[in-house]
Amino acid sequence: MPGLRKRSVNLVGHATSLALEPEFWAVLEDAAAARGQSLAALIQSVDRERSERPLASACRVFALEHVTQRALSLRPPPASD
């Protein structure tokens with residue numbers, strides 16, 4: 001299993017690094033593209049909404065929610081009788 005991949009991000013005028021597994025980076029990039037925003041803008045929005053949760057954890061939870069919503073939207077509608 002690949003290790004963590006670090007990236008630098010600018011949050012509220014301060015540079016910080018964020019380490020996530022490559023799979024999570026891929027989902028975050030997909031989510032940013034789906035929203036028509038940059039990865040940095042997406043991470044900034046996750047940062048604003050994370051309350052006390054560490055940023056890396058908040059990004060993982062966001063990615064999980066994004067994938068779940070995507071899967072639900074692809075689910076076929078229930079058959080009607």
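See the values below:
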| read-out | value |
| --- | --- |
| Taking segment 5-74 and dividing mean pair separation by its residue count, relative contact order in percent (alpha carbons under 8 Å, at least six apart) | 27 percent |
| Estimated FRET transfer efficiency when R0 is 22 angstrom, pair His14-Gln37 (beta carbons, to 0.05) | 0.65 |
| Given charges at beta-carbon only (K, R positive; D, E negative), |dipole| of the chain in Debye | 220 debye |
| Kyte-Doolittle at least 0.5, axis length at least 15 Å by Cα - qualifying DSSP helices, the chain | 55-74 |
| Residues listed by number, segment 41-81, amide nitrogen under 14 Å from Glu23 label point at 7 Å toward C-beta | 60-61, 63-65, 67-68 |
| Restricting the chain to GluC sites (Glu not before Pro) in coil, as DSSP defines it, with at most 10 other Cβ within 10 Å | Glu52 |
| Percent of Cα pairs exceeding the 21 Å cut-off, where the set is segment 5-74 | 18 percent |
| Helix-derived mean residue ellipticity, 222 nm - over the chain, DSSP H n ≥ 4, -39500 (n - 2.57), to 500 | -18000 deg cm²/dmol |
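Readers should treat all values here as calculations from the given coordinates under stated rules, not as data from a laboratory. Predicted, not measured: the structure shown is a model, and the values here were computed from it. Backbone-built Cβ (ideal geometry, glycine too); neighbour counts: all protein chains shown.
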